[in-house]
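Reviewing the structure listed below.
Every number here is computed from the coordinates shown, using simple stated rules; none is lab data. As the structure is a computational prediction, the values presented were derived from the model and not from experiment. Please note: Cβ atoms are built from the backbone with ideal geometry, for glycine as well, and neighbour counts cover all protein chains shown.
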Amino acid sequence: MMISPPNRAIQRLGDLLSRHTGQALSESRRWRIETSLRPLMRERDFPSLDALLAAIDRDTDGTLLLETIDAMLNHESSFFRDIAVFQAIERKVLPALHEHSREKLLRIWCAGCSTGQEAYSLAMMIKRMGALWDGWRVSIHATDVSPVAIGKAKSGRYAQIDMQRGLPINELLRWFTPVGEDWQIADEIREMVHFQTDNLLDPRRLSGTYDLILCRNVLFYFPEDKRRLACDHIAHHARQGSYLVLGAGEMLTGGNNPFSTCRELSCVYVAERPMSGIGRLAG
C-alpha cells in the first residue's frame, strides 16, 4: 500500500531522529511531530513537512537538520521532579554513599539531563545537607544529546513557569535572583554542575565511574537494541556500590548489568558486583 505524502514525510523525519539520536519515533509520538515542528516551520516559512525536508536536503552546513531534530526531542523537565525519588536519594542513597566512601569523593552523572533542572536539584539538595559534605569533592556531570538544552542548562536562567513546577519556595528564595521576567540560579550552585553535549549511545565525554547515575525518562525513547546498548554504557560507568535511578516504569535490559532493585523504591538500583565482562566498552 502506498504511504501518503504526510506519512512519508513523518517516516523520513523518524529516520533522521533515529540516525542522529538513536530514539524511535513511536506511534504515540508521531501525532505530535507537526505540533513540535510548527514554530520552526513558521519561523522559516515552510508550508509543509515536505518543504522542510526539501530545505534540509539543500542545507549545506547541517544547521536546519540539527534544529529540526532538536525540535522533535522532548525537553520536559522540572525541579525536584517526582519528589519521592529525590527524598529517597536524600534520605537513603546519599547517606549510604557517604558512609562507604573512603576517598571523600562523590561523583554524579545525570544522563539525558535536558535543560538542567534535575542536576541543579541535586546540587541544591547537597547544599541543603550542609556539613555532611564538608571536605568532600562533589562533582555533578550532566549530559544530553541536545545542544539547545545544554545551552539553556549552562545559562542557569529559567522562566517563571519553571519556578512554579516543583521548586520549594525556600530553595527559590535561597538560590535564585530575579532577572527581568526570568530567574537566575546562583553561581554557587551553577558551578557545581558540568554540562556537556553527549549521546548516551556513544558517550565520549565521560571518564571513570560514578557513585550515583540518574537516567530518568530516557530509556523508553529507545528501541530494544538501543536500550540494551545504553544500559551497557551505564553499567560501564558504574562501580560496585554505585546507585542508578531510572524513571517510573523504566527497566534495565540486557543480561549483563550488575544492578539489583532497591527495596525502598522500584526505580532505584544498586550495583552489587564488579563490572566484569563489559570491558569491550572501554575507551
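Could you state the angle between the C-alpha long axis of helix 224-236 and the longest principal axis of the C-alpha atoms of the chain, as a value from 0 to 90 degrees rounded to the nearest 10?
Between helix and principal axis, roughly 30 degrees.
Rg(Cα) of the stretch 5-72 divided by 2.2 N^0.38 Å?
In units of the 2.2 N^0.38 Å rule of thumb, it is 1.01.
Could you give the length gained by full extension between Ala248 and Ala55, i.e. 0.36 nm per residue of separation minus their alpha carbon distance, to one decimal place?
Additional length available on full extension: 65.6 nm.
Would you order Met251, Met163, Met124 from fewest to most other beta-carbon atoms within 10 Å of each residue's own beta-carbon?
With the fewest neighbours first, Met251, Met163, Met124 line up as Met251, Met163, Met124.
Can you tell me the FRET efficiency between Gln240 and Arg174 if r is taken as the Cβ-Cβ distance and R0 is 30 Å, rounded to the nearest 0.05?
0.25
Go through Cys215, Leu244, Ser77 and say which Cα lies farthest out towards the positive end of the charge dipole of the chain; charges sit on Cβ, +1 for Lys and Arg, -1 for Asp and Glu.
Leu244
Any idea what the alpha-carbon Rg over 2.2 N^0.38 Å comes to for the stretch 83-281?
After normalising by residue count via 2.2 N^0.38 Å, the value is 1.01.
If you average the sequence gap of Cα pairs under 8 Å that are 6 or more apart and divide by the length of the stretch 13-172, what percent do you get for the contact order?
23 percent.
Where a Cα-Cα gap under 25 Å defines reach, which lysines qualify for Lys152, not counting those fewer than 8 residues away within the same chain?
Straight-distance partners of Lys152: Lys127.
Using alpha carbons only, how many degrees (0 to 90, rounded to 10) separate the axis of helix 33-44 from the longest principal axis of the chain?
It works out to around 70 degrees.
Going by how many other beta carbons lie within 10 Å of each one, how would you line up Ser139, Ser260, fewest first?
Ser260, Ser139
Note the angle between two axes, namely the Cα long axis of helix 5-21 and the longest principal axis of the Cα atoms of the chain, as a number of degrees from 0 to 90, rounded to the nearest 10.
Result, in degrees: 30.
Between Ser18 and Leu65, how many nm apart are label points set 7 Å from Cα along the C-beta direction?
Once both label points are built, they end up 1.7 nm from each other.
Can you list the cysteines of the chain that have no other Cys Cβ under 4.7 Å away?
Cys215, Cys231, Cys262, Cys267 - these cysteines have no disulfide-compatible partner (Cβ-Cβ under 4.7 Å) in the chain.
Using only Cα atoms, what Kirkwood radius does the stretch 14-152 have, in angstroms?
Computed over the stretch 14-152, the radius equals 17.8 Å.
Quick one: dipole size for the stretch 83-281, taken about the Cα centre, charges +1 on Lys/Arg Cβ and -1 on Asp/Glu Cβ, in debye to the nearest 20.
Result for the stretch 83-281 is approximately 320 debye, rounded to the nearest 20.
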